[in-house]
1. Subtract the Cα-Cα distance of residue 270 and residue 306 from 0.36 nm times their separation in residues, and report this length gain in nm to one decimal.
2. Let me check something: with ligands and nucleic acids excluded, how do 55, 281 order by accessible area (1.4 Å probe), largest to smallest?
3. Let me check I've understood the local charge: for residue 345, count other residues with C-beta under 11 angstrom from its C-beta, Lys and Arg +1, Asp and Glu -1. What total comes out?
4. What is the calculated FRET efficiency for residue 206 to residue 48, with r their C-beta to C-beta distance and R₀ = 22 Å, to the nearest 0.05?
5. Give, as a single signed number, the net charge of other residues whose beta carbon lies under 12 Å from the beta carbon of residue 318, with Lys and Arg counted +1 and Asp and Glu -1.
6. At a 1.4 Å probe radius, which order do 293, 233 fall into by accessible area, largest first?
7. Tell me, what ³J(HN,Hα) does each residue in the stretch 88-101 have, in order and in whole Hz, if you take phi through Karplus 6.51 cos²θ - 1.76 cosθ + 1.60 with θ = phi - 60° and put x for Gly and Pro?
8. Obtain the nm distance between the two label points defined at residue 11 and residue 353 by a simple spin-label model: each point lies 7 Å from its Cα along the Cα-to-C-beta direction.
Amino acid sequence: MASLSVKPGQRFTLPDWQNNAHRISADAEHQRSTSHQIRQEARALRNDTGNQAKWDECETRTRLKDRITSVDRWREVLARCLTDIDLEIDALTKVKEAAEDALQAKNLCLDVAIECLTFRESRRDIDVVRDPVEEELHREVKVIEKAKKELQQRVDEAFTQLCLLKEARQQLNCDHRHKVEALDLDRQCLSFNVTSGNISFKVNPTRIPDGTTALREWELNSQCNKDRADAEMKASIDLRGAIMLTIAQTNNELDAQRIATEFALRKRIRDMEGALSELRWQEKNTLEEIAEMEEEIRQLEEDLRKRTLDLKVAHTRLETRTYRPHVELCRDQAQFGLTGEVQDLEAAIRVLQQKRTESHLALDALYRQLHRIQTDIGYKTNSLQLDNKCMDTRRKLVIPVEKFDPEVDAVNRTRN
């Protein structure tokens, strides 16, 4: 009789099966409830963080714009200050050059006055008197030395002030350049957004870099740079006015002391003309000697050519006689004569060559001497022209004060 097979394994009861179904259903309800709560919290968190990020980014952009406006305002102030200080440096430089020109002119006046006094020391016997001319020359020397001292002091002051102006300008320029760089960086930061291609994570971006300054310190630095530049420009304006006044005063003091110095220049011109006459005479004689020496060298070359031809003939005769046959190849009187002729011709050629070398050396020395003479003539011709120019210039030594005006108003710092 067939039996019913039973599958081996654990058998659960119906209540177990029902409890399991209820437990699965309860767990599903619980997980859905938990998920719903998390989704609500996530939605609220997303809204909060999104709004906070938008407000923070908006506030950051506002602060960046305010900072850009502030830095740009200071940049414009510094740029105007740089323009003003450049104009002042240019003006003070021109006034300083005018003072240096005036000082250099006093050197010429002093040299001429001392030269005149030296000339007058050559007077003899009763002519060695202290006349009004000598008193005027001594007074001129004292006035010139006093004027030189005052002008030199003004030049030194102008140099020092120029150094201060350039130092202040360097600080201004450095501050201005830094602000331009900061503006570029802040504007670049303002242009960044989430779609920018060059954004990335950085290492420790919230760190405080070395050398970071406070906002108050930043403002004080720019203000101090501007205040210092303004102070140096004001001092420069005052100094330019003082320099112009000194130039005018020294020119007026020297105006009455010029006439007595004309004698020295006239004597110097006469001496220079005499020296030029002597040099031109030497040049003429040297040129004649060079022509004669060149002709002599040409004659030496001609004689050397002739002696060389004679030597060739003698050599050819000697060589031809070596082909005489047998006993005919004897050392006869003709052979001795040709040998002596060759020796004499070779000695003559050596002497002529030596003399040609000496003549060339002498000719080179003549050319060097001619070059020295012509160079000295050029120097003395130039000196004579300069002395004549000095004579013309001394008759016009009354230079108006406005002649030294460096084309910039000394008070208002404006260009003409």
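1. Computed gain between residue 270 and residue 306 is 7.5 nm.
2. Numbers: 55 175, 281 135 Å².
Sorted by accessible area, descending: 55, 281.
3. Result for the neighbourhood of residue 345: 0.
4. So the FRET efficiency works out to roughly 0.50.
5. +3
6. Values: 293 35, 233 10 Å².
Largest accessible area first, the list is 293, 233.
7. With coefficients 6.51, -1.76 and 1.60, one gets 5, 4, 5, 5, 5, 4, 5, 5, 5, 4, 5, 5, 5, 4 Hz.
8. Between residue 11 and residue 353, the simple spin-label model gives 14.7 nm.
The values are calculated or read from the model by the stated rules, or taken from the named source; none is laboratory data. Just so it is clear, the model here is predicted, and its values are computed rather than measured. Please note: Cβ atoms are built from the backbone with ideal geometry, for glycine as well, and neighbour counts cover all protein chains shown. Surface accessibility is based on the protein's heavy atoms, side chains included, excluding ligands, DNA and RNA. Shrake-Rupley method; radii C 1.70, N 1.55, O 1.52, S 1.80 Å.
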